[in-house]
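Every number here is computed from the coordinates shown, using simple stated rules; none is lab data. None of these values were measured; they are calculated from a predicted model. No Cβ is skipped: glycine too gets one built from the backbone with ideal geometry, and neighbour counts run over all protein chains shown.
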Amino acid sequence: MKPARTRMAPSPTGRFHLGSARTALFDYLLARKTGGQFILRLEDTDQKRFVPGSEEEIMQSLDWLGITPDESPVHGGPYGPYRQTERREIYHRHARILVEKGYAYPCFCTPERLEKSRQQQQAQKVDRVKYDGLCRAIPPDLAAKRIVSGEKHVIRFKMPQDGVTTARDHLRGDIVTENKHLDDYVLLKSDGLPTYHLAAMVDDHEMQITHVLRGSEWLSTFPLHVNIVRAFGWDEPVWIHLSVFLKPSGKGKMSKRESAQAIKDGYSIFITDMKDLGYTPEGVLNWIALMGWGVPEDDVMTLEQMIERFNIDSLTPSPAAINFQKLDHFNGTHIRLMTNEDLSARLKPYFVAAGLNVRDETLLKVTPLIRERLVTLDDCLAFARFFFEEVVKPNPEDLVANGLDAKQSAMIARKSYEILSGLSDIAHAVVEPPMRAYVDASGYTAGQVFGILRVAVTGQKVSPPLFESMEIIGREKVLSRLRYAIELLDGM
Ligand code: GLU
């Protein structure tokens, strides 16, 4: 396959979510696979919907995912500018070409007239409300004069009125639409800015885009888009309309309400939330790759492996339900594929953000003890914050072993303290034999004795392996935590 030029063309009108990330990923994979380029183009022509900060969020999301564009408003490139509001002249020139060729016309209808016509059509119960075509009939020289005189106008596409338009989607095949159902869409607005329909077609051509991957919400205007491209006489790109995302229940499209619910449940569909929630770019990428790419749904893949395997023919148009349990699964799996060094470096910020003082050397010893149990990176706090705390404050009830009372538990804690303080070293291999000997001699169970010790030194009932943990915490801290536990038990 010859090098593909792909683009993702988000509008800075909201947050960067899974859908945008998936388009970007597939664009990136196709470009990398074929030795081509992946382009980021900002489609910011709808200034009313502009949301401050959303451009930055797009860039941050792509950077965090590790799918950085080759050409973009930030990276530059030979086909710039990559922000549509900086390309106005280009759209004006192209709109003029279409008008001159008879494929578009100026329309002077006022918003009031359009509204009235819309209401009339609705009253007549027409199948589809459309522009009624009044200005189509204005002779070009007259229209030109009205423009010169400064009359407010838009430019509309002159949609063919008979026959059909056949548009080919690479995944869905030919989509045939009767032209009489199509509207004369606006290409250039009265504020001089283009609509998506004109701007995206012009830019895809000018930027030599070979494959257009976009959401299936564009299928309804797909016939318009191919008509525009054909009116210019350009080659069409390969068009791919990706599947929609369904709610986790599989019933209905993902909505604003569903994404708010996801946040309540500790998940998110927004990429910049993923880091705080403890997800890794590897886990997120693997998860989104499998929504709409027909590879076996449990396949674990790194970005490199995805590039290796990617093929647009195996993308699928069927809707994909968002399954956050799968995200957890892939995240945990990718965590376990990391080296200890890499994982330690990624865990550190979560400890630091929790106000803990983390020594890298200690963290490197802690990581292997918890890595098997991590689903998200921030789970490290629940499992391992006690390693870095100065003191732990166990719940006194938790110090009382199953089947024993506070007095008996205090006695066991004292005995344990006696044994441990008598040893000069807290190494696992040094501590375990005398502690086991004590269990055997005492008549208590290992669960009871080690349970008290565990709560005393870690502050929690469930922890990584006890003796390994004590070795990392160090002799002095273990002994002082044990003294504190004895005090608590004595006070009960
Ligand atoms: N600006 C459009 C959007 O955000 C881009 C669609 C496309 O990729 O062509 O939906």
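What is the spin-label model distance, in nm, from residue 141 to residue 476 if the labels are put 7 Å beyond Cα along the C-beta direction?
For residue 141 paired with residue 476, the spin-label model returns 9.9 nm.
First select every other residue whose beta carbon is under 11 angstrom from the beta carbon of residue 335; then total the charges, Lys and Arg +1, Asp and Glu -1.
-1
Kirkwood hydrodynamic radius (Cα pairs, Å) of the chain?
Numbers: mean 1/r = 0.0367 Å⁻¹.
Over the chain, the inverse of the mean reciprocal pair distance is 27.2 Å.
Which three semi-axes in whole Å describe the equivalent ellipsoid of segment 26-112, each the square root of 5 times a Cα gyration tensor eigenvalue, listed largest first? List each step's numbers first, then the result.
On the way: eigenvalues 198, 69, 24 Å².
For segment 26-112, the semi-axes come out at 31, 19, 11 Å.
Strictly over 19 Å apart at the Cα level, which of 393/461; 116/180; 130/152 would you flag in this model?
Correct reply: 116/180; 130/152.
Long-range amide H contacts for residue 164: which residues qualify at under 5 Å (H placed 1.01 Å from N, peptide plane, sequence gap of 5 or more or a different chain)?
179
In the chain, which Cys residues have no partner Cys with a Cβ closer than 4.7 Å?
109, 380
From zero outward in steps of 5 Å, how is the percent of C-alpha pairs of segment 1-150 spread across the bins?
Per 5 Å bin, starting at zero, the Cα-Cα P(r) for segment 1-150 comes out as 2, 8, 12, 13, 13, 11, 12, 11, 10, 6, 1, 0 percent.
How far apart, in nm, are two points set 7 Å out from the Cα along the Cα-to-Cβ line at residue 249 and at residue 432?
5.1
Under 5 Å between amide H atoms, partner at least 5 residues away or on a different chain: which partners does residue 315 have, H built in plane at 1.01 Å?
294
Based on other C-beta atoms within 10 Å, arrange 337, 466, 42, 188 from fewest to most.
Ascending Cβ contact count within 10 Å gives the list 337, 466, 42, 188.
What is segment 285-324 by shape, rounded, prolate or oblate, if you read a ≥ b ≥ c off the alpha carbon gyration tensor as root eigenvalues and call it rounded for a/c under 1.5, prolate for a/b larger than b/c, and oblate otherwise? Walk me through the intermediate numbers first.
Working: a/c = 2.26, a/b = 1.22, b/c = 1.86.
Here segment 285-324 falls in the oblate category.
Provide the FRET efficiency to the nearest 0.05 for the residue 460-residue 265 pair, computing r from the beta carbons and using R0 = 22 Å.
FRET efficiency, residue 460 to residue 265: 0.35.
Provide the per-residue ³J(HN,Hα) series for segment 229-239, in order, calculated from phi with Karplus coefficients 6.51, -1.76, 1.60 and θ = phi - 60°, each as a whole number of Hz, with x at glycine and proline positions.
Values, residue by residue: 4, 5, 4, 6, x, 8, 6, 7, x, 6, 9 Hz.
Can you tell me how segment 413-460 classifies by the Cα gyration tensor, rounded, prolate or oblate, using a/c under 1.5 as the rounded cut?
Because a/c hits 1.5 or more and a/b fails to exceed b/c, segment 413-460 counts as oblate.
Sequence-distant or interchain residues sharing an amide H contact under 5 Å with residue 242, placed H: which?
Those lying under 5 Å, H to H, from residue 242 are 214, 215, 216.
Would you list the P(r) distribution for segment 99-254, with all Cα-Cα distances sorted into 5 Å bins from 0 and each bin expressed as a whole %?
Calculated P(r), rounded to whole percents: 1, 8, 15, 18, 19, 15, 12, 8, 3, 1, 0, 0.
If you average the C-alpha positions of segment 143-169 and of segment 214-231 separately, how far apart do those two centres end up, in angstrom?
Segment 143-169 and segment 214-231 have Cα centres separated by 15 Å.
Sorting 430, 99 on the 10 Å Cβ count, fewest up front, what's the list?
Neighbour counts put them in this order, fewest first: 430, 99.
Using only the Cα atoms of segment 241-329, build the gyration tensor, take square roots of its eigenvalues as a ≥ b ≥ c, and label the shape rounded, prolate or oblate: rounded if a/c is under 1.5, else prolate if a/b is larger than b/c, else oblate.
oblate
By counting other Cβ atoms within 10 Å of each Cβ, how are 74, 457, 212, 391 ranked from fewest to most?
With the sparsest Cβ surroundings first, the list reads 391, 74, 212, 457.
Per the helix-only calculation at 222 nm, which mean residue ellipticity applies to the chain, given -39500 (n - 2.57) for every DSSP H run of n ≥ 4 and division by its residues, nearest 500 deg cm²/dmol?
On the way: 21 runs with 232 residues, N = 492.
That calculation yields -14500 deg cm²/dmol at 222 nm.
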